[in-house]
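What follows is one structure encoded as structure tokens, with my remarks underneath.
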Amino acid sequence: MSSIRQFRTALAAARLGSFAEVGRQIGLTQAAVSLQIKNLEAELGLRLFERGAHAFTVTPDGRRVLDRLEKLVADYDSLLAQSDGVLRGTLHMGALVSALMGSFGSALADIKREYPNLDLRLLAGQSGQFASMVAQGELDAAVVTEPPSAVPQGLMWTPFYQERLVLIAPQGMARRSVMDLLRQEPFLQFDRSLWTGRLVGYALEQLGVTPAIALELNSIEAIAQLVRQHYGVAIVPQLANAEWSSQQLAIKQLPGKPIVRRVGMLERLEHGKKPVTRALCELFERHKQASPRSGREQGGAE
């Protein structure tokens, strides 16, 4: 008799295109994955995959069956998550490193306390990387910055909080203006290929300044550390839990209308863990309303 586990293995194979990669992700050998697929095919009486020398493709019959299996697995996950009114199961979730240092990190303790039966597996990374992983089903959801253009098709984004972009400089430069610092000092640029880097680029355009870029990095904390060591100045989101003012850094508001980075949850429009992600969104909203720092910081970013 086929099992939900076999269904998951077949869906992962269709998504990843490699029995070896499926095995690596779920802790089985390539041979064990292949055997699960063969047994499922034998029971269904059709071929799900057309094997080649180095790869395989989903057959037309396989595509029709896999679409139905995906719905069955999603329904099962939804039933499991809601049984007896207690959230349980495993949620695979991506999160920006900076989100873990910001307001989302503050809410993690509340999540663990309120949902002790939920096994939350976190993967740290970048927004663009997570978008494709969520779309392909490798992650159930991800805490990411707001997509720079439209939300990718088939996905939805729920806002959690926002962080105002600020300029950080060594404490000894606190009396100088933002424009003077940007024009005269080396600039540490957040990676322009990433969503936050594009937002920093937009802020520079709004200010009408082209700073001399000394380094380009993809870590807010690494940038803050280099600014602290007098390598230059930078524009970054002001993280809720970053105690920069007590760490030899001057935090300066940018001139003009505030520019904010919005952070929220990205997930597929339909998936089996929807009851869990909805509950987390509601919990985060309660956490934000209860946090005195959150209300002050987010209100100041409007």
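Measuring from label point to label point, each 7 Å out along Cα→Cβ, what is the Ser2 to Thr29 span in nm?
2.5
With θ set to phi - 60° and the Karplus curve 6.51 cos²θ - 1.76 cosθ + 1.60, what are the ³J(HN,Hα) couplings of region 41-46 in order, to the nearest whole Hz, using x for Gly and Pro?
Whole-Hz 3J(HN,Hα) from phi for region 41-46: 4, 5, 5, 7, x, 7.
Between the alpha-carbon centers of region 219-254 and region 1-58, tell me the distance in whole angstrom.
48
When the Cα centres of region 113-154 and region 175-217 are compared, how far apart do they sit, in Å?
28
Nearest 20 debye, what's the magnitude of the dipole of the chain about its Cα centre given +1 on Lys and Arg Cβ and -1 on Asp and Glu Cβ?
Its charge dipole is roughly 220 debye.
Report the full-extension gain for the segment Glu205 to Leu46: residue separation times 0.36 nm, less the Cα-Cα distance, to one decimal in nm.
Numbers: separation 159, 0.36 × 159 = 57.24 nm, distance 5.76 nm.
Computed gain between Glu205 and Leu46 is 51.5 nm.
Does region 163-260 come out rounded, prolate or oblate by the C-alpha gyration tensor, with a ≥ b ≥ c the root eigenvalues, rounded set by a/c under 1.5 and, if not, prolate when a/b is larger than b/c and oblate if not?
Rounded.
Can you give the Kirkwood hydrodynamic radius of region 4-82 from its Cα pairs, in Å with one decimal?
Roughly 12.8 Å, rounded to one decimal.
Let me see the P(r) profile for the chain: every Cα-Cα distance counted, bins of 10 Å, each bin given as a percent of all pairs.
6, 24, 27, 20, 14, 8, 2, 0
If the elastic network links every pair of Cα atoms under 10 Å, which of Ile223, Ile26, Ile37 fluctuates the most in the Gaussian network model of the chain?
Highest fluctuation among the options: Ile26.
For region 82-137, what is the charge dipole size about the Cα centre, in debye to the nearest 20, if Lys and Arg each add +1 at the Cβ and Asp and Glu each add -1 at the Cβ?
Using Cβ point charges on Lys, Arg, Asp and Glu, region 82-137 gives about 100 debye.
Would you work out the charge dipole size for region 163-260 about its Cα centre, treating the Cβ of every Lys and Arg as +1 and the Cβ of every Asp and Glu as -1, and quote it to the nearest 20 debye?
260
Sorting His287, His230, His92 on the 10 Å Cβ count, fewest up front, what's the list? Kindly include the intermediate steps, with their values, before the conclusion.
Numbers: His287 21, His230 14, His92 18.
With the sparsest Cβ surroundings first, the list reads His230, His92, His287.
Between Lys38 and Asp67, how high is the FRET efficiency from 1/(1 + (r/R0)^6) when r is the Cβ-Cβ distance and R₀ = 22 Å? Nearest 0.05.
Rounded to the nearest 0.05, the efficiency is 0.60.
With a ≥ b ≥ c taken as the square roots of the eigenvalues of the C-alpha gyration tensor of region 99-139, please select rounded if a/c is under 1.5 and otherwise prolate if a/b is larger than b/c or oblate if it is not?
Cα axes put region 99-139 in the oblate bin.
Hey, what's the per residue convex hull volume over the C-alpha atoms of region 95-175, in cubic angstrom?
135
Towards the positive end of the charge dipole of the chain, with charges on Cβ (+1 Lys, Arg; -1 Asp, Glu), say which of Ser193, Gly272, Gln248 has the farthest Cα.
Gln248
Read-outs: derived from the displayed coordinates by stated rules, not from any lab. All values reported here derive from a predicted model rather than from experimental measurement. Every residue, glycine among them, receives a Cβ derived from its backbone with ideal geometry; neighbour counts consider all protein chains shown.
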